[in-house]
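Reviewing the structure listed below.
The values are calculated or read from the model by the stated rules, or taken from the named source; none is laboratory data. Predicted model only: the values in this text are computed from it and were never measured. No Cβ is skipped: glycine too gets one built from the backbone with ideal geometry, and neighbour counts run over all protein chains shown.
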Amino acid sequence: MGVHADSWIRRMAREHAMIEPFEEVLIRQTTDGNPVISYGLSSYGYDLRVADEFKVFTNVYNAVVDPKAFDERSFVDMRGASCLVPPNSFALARSVEYFRIPRDVLTLCVGKSTYARCGIIVNVTPFEPEWEGHVTLEISNTTPLPARIYAGEGLAQVLFLAANEPCEVSYAERRGKYQAQRGITVPRI
């Protein structure tokens with residue numbers, strides 16, 4: 001990058017609306033002093049927040065999870081300040097932030113250690129060059145206990161990898177099926 005990573009991310013967020021809304025510092029507490037799971041600009045990335053919308057998987061309707069024929073009865077929609085993910089279960093959520101990835105950047109998104117230490121795994125695929133949208137977050141509760149996820153707080157960290165040259169064909173040019181997604185997006189074929 002040639003400059004400090006946090007300065008580069010800050011500049012890209014300002015000049016190219018790469019992350020909206022954008023927190024220029026790492027937030028660790030509310031304005032009234034209550035602790036939160038951190039979010040905002042970090043040393044080499046950006047800690048994104050989870051929104052208050054969740055899709056929690058359930059077996060009420062005996063649906064089969066099939067990426068080629070996804071049955072929306074396989075989950076229940078929830079909204080709130082937090083979400084309980086059942087033991088050994090799975091939920092989908094979305095980021096508060098909307099991302100616009102430049103043509104010469106690839107991102108990797110990894111779960112935050114605070115949740116990982118509680119047995120909560122966050123899986124997110126890379127954000128490809130010129131992809132944009134809300135991030136659909138995949139949350140697995142690997143424990144035999146219910147797990148609480150806090151809306152409006154940090155859930156995953158986005159790491160930015162700048163290329164020496166832009167890619168030949170971007171996600172937007174390939175007309176990627178998840179381009180400009182808003183809200184929680186279920187599997188598409």
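Some points to look at:
- Any hit, segment 163-176, residues being surrounded by 15 or more Cβ atoms within 10 Å (Cβ to Cβ) and under 15 Å from the mean Cα position of the chain (by Cα): no
- Every test in (1) within 17 Å of R49 (Cα to Cα); (2) touching a Cys at 6+ places or on another chain (Cβ under 9 Å); (3) crowded, with 20+ Cβ neighbours inside 10 Å is passed by N123 save one, and that test is (3).
- M1 falls short on exactly one of the conditions (1) of a type in the set (A, V, I, L, M); (2) at pLDDT below 95; (3) within 25 Å of A180 (Cα to Cα), and that condition is (3).
- Across segment 1-16, the qualifying residues are those that are touching a strand residue (DSSP E or B) at 6+ places or on another chain (Cβ under 6 Å) and without any contact (Cβ under 8 Å) to a residue 40 or more places away in the chain, and the one among them that is nearest to E130 (Cα to Cα) is A13.
- Applying the set (1) of a type in the set (A, V, I, L, M, F, W, C); (2) exposed (fewer than 11 other Cβ atoms within 10 Å of the Cβ); (3) assigned to a strand (DSSP E or B) to A69 leaves exactly one unmet item: (3).
- Residues being closer than 17 Å to Y39 by Cα and among the hydroxyl-bearing types (S, T, Y) are entirely absent from segment 83-92.
- Test: residue in segment 17-25 that is part of a loop (DSSP other than H, G, I, E, B), in contact (Cβ under 8 Å) with a residue 40 or more places away in the chain, touching a Ser or Thr at 6+ places or on another chain (Cβ under 8 Å) and buried (at least 19 other Cβ atoms within 10 Å of the Cβ): no
- Members of segment 72-101 found to be of a type outside the set (S, T, N, Q), farther than 18 Å from D47 by Cα and surrounded by 18 or more Cβ atoms within 10 Å (Cβ to Cβ), listed by number: F75, C83, V85, F90, A91
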